[in-house]
Amino acid sequence: MREAGWKVERACQMLEMPRATLYRWRKRWKEKGTRGLEECSRRPKRLRYVSWSIKLIEAVQELREQYPRWGKDKLGVMVGREDFHISASTVGRILTYLKKRGLIHDPPRTFKMSRNPIKKRLFAQRKPKDYAIQVTGDLVEIDTLDVSLVPGRHFKHFTARDVVSRWDVLQVCNRATANHAKHFLETVQQRMPFPIKAVQVDGGSEFRAEFEMACQQMGIRLFVLPPHSPKLNGCVERAHRTHTEEFYQVYATDDWELPTLNKVLEEWERIYNQVRPHASLDNLTPKEYIQSNYPHCLPQLSHMY
């Protein structure tokens, strides 16, 4: 290109390379001819040499053999207790040095944790990502809560919450079984003033068997949460806190039997749905919210209202 009369700037544009590189090649070509254009070694002129003592390497190796699953951070603390003042990074380089020479080996990962096989559900499924929640009844979250009014006596509190209107249905049972969950689902259908299209529950055993069959027979879609994800049922989880703080911690006594408790809880359910203002509904009650936005649901209100 130079012999053809090209300027340096034009040659660099054509070759798509920096100007400094072209000058560097030209200097090497003038000094050594065509051999100067061959690829040179890029090895640093000054190399970093290890400054570890044999005693330090042996100390790290001994500790690693004694605790084969410990890494550089823990071993660095242990080495420091033996009056070696080195960093964790230095311990890591020593471990790499020992591994390359075959002086230490990582223990094999042969142990496998046993997990219970996940049984395939016949009707329940994960909620599809494209499932739209637009009107009341599109999704009702159901969950249970442990209630202990006196030591040694426990109840299972069932809560169902419509995620659109915040309408709640409450009931208490002795145990959380699939049969009790089935009867609670029937109660939810009776007390909610709108048809239920889908129900979302966690993976508890009470939401299997009879409960799953009841959902299938009623034509209600059943969505099951992934393991360890209660946040996806956040509406009903927040409802548990409200009923605990505003009902059980205020009105509940230790001499109530199950029928009496359910009767009083039913009255609290009426207050919650028709009297208590909800900040999430612009200080409307669930009934007022439904009346303003979904008036066609009101004629289906249960006789208890």
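The values are calculated or read from the model by the stated rules, or taken from the named source; none is laboratory data. The structure presented is a predicted model; accordingly, all values stated were derived computationally and were not measured. All Cβ positions, even for glycine, are placed from backbone atoms using ideal geometry, and neighbour counts span all protein chains on display.
Out of M218, M192, one residue alone is within 28 Å of S280 (Cα to Cα), assigned by TED's automatic domain parsing to the domain that holds R270 and modelled with pLDDT of 90 or more. It is M192. Note on region 69-83: residues that are surrounded by 11 or more Cβ atoms within 10 Å (Cβ to Cβ) and in a loop (DSSP other than H, G, I, E, B) amount to 3. Close Cβ contacts (under 6 Å, 6 or more residues apart or on different chains) running from residues in region 1-29 that are closer than 18 Å to C40 by Cα to residues that are of a type in the set (D, E, K, R) and modelled with pLDDT under 85 are absent. Applying the selection to region 254-287, what residues are surrounded by fewer than 16 Cβ atoms within 10 Å (Cβ to Cβ), within 21 Å of D162 (Cα to Cα) and aliphatic (A, V, I, L, M)? Residues satisfying the conditions are I271, V275, A279.
Suppose we keep only residues that are of a type in the set (G, A, S) and exposed (fewer than 14 other Cβ atoms within 10 Å of the Cβ) within region 195-233. Which one would you say is farthest from A181 (Cα to Cα)? Here the answer is S229. Residues in region 148-165 that are over 10 Å from V199 (Cα atoms), buried (at least 18 other Cβ atoms within 10 Å of the Cβ) and hydrophobic (A, V, I, L, M, F, W, C): F155, F158, V163, V164.
Among the residues of region 237-260, some residue qualifies, meaning at least one is under 23 Å from A132 (Cα atoms) and basic (K, R).
Apart from one condition, V236 fits all of (1) surrounded by fewer than 22 Cβ atoms within 10 Å (Cβ to Cβ); (2) outside any strand (DSSP E or B); (3) among the aliphatic types (A, V, I, L, M); (4) in contact (Cβ under 8 Å) with a residue 60 or more places away in the chain; the exception is (1). Going by the structure shown, is T144 more than 29 Å from T242 (Cα to Cα), of a type in the set (S, T, N, Q) and either touching a strand residue (DSSP E or B) at 6+ places or on another chain (Cβ under 9 Å) or not assigned by TED's automatic domain parsing to the domain that holds E266 (or both)? Considered against the rule, which asks whether it is more than 29 Å from T242 (Cα to Cα), of a type in the set (S, T, N, Q) and either touching a strand residue (DSSP E or B) at 6+ places or on another chain (Cβ under 9 Å) or not assigned by TED's automatic domain parsing to the domain that holds E266 (or both), T144 comes out as no.
Quick one: which residue in V140, V135 is modelled with pLDDT of 95 or more and within 27 Å of Y289 (Cα to Cα)? Answer to the check: V140. Please tell me if K112 is assigned to a loop (DSSP other than H, G, I, E, B), out of contact with any Asp or Glu (no Cβ under 7 Å at 6 or more places or on another chain) and either modelled with pLDDT of 75 or more or more than 30 Å from R64 (Cα to Cα) (or both). Criteria not met by K112.
Here Y251 fulfils each of the conditions (1) hydroxyl-bearing (S, T, Y); (2) surrounded by 14 or more Cβ atoms within 10 Å (Cβ to Cβ); (3) assigned to a loop (DSSP other than H, G, I, E, B) apart from (2). Of all the residues in region 49-68, those that are in a helix (DSSP H, G or I) and either of a type in the set (D, E) or more than 46 Å from the chain's Cα centre (by Cα) (or both) number 5.
Note on region 3-48: among residues that are part of a helix (DSSP H, G or I) and among the aromatic types (F, W, Y), the one that is farthest from T90 (Cα to Cα) is W29.
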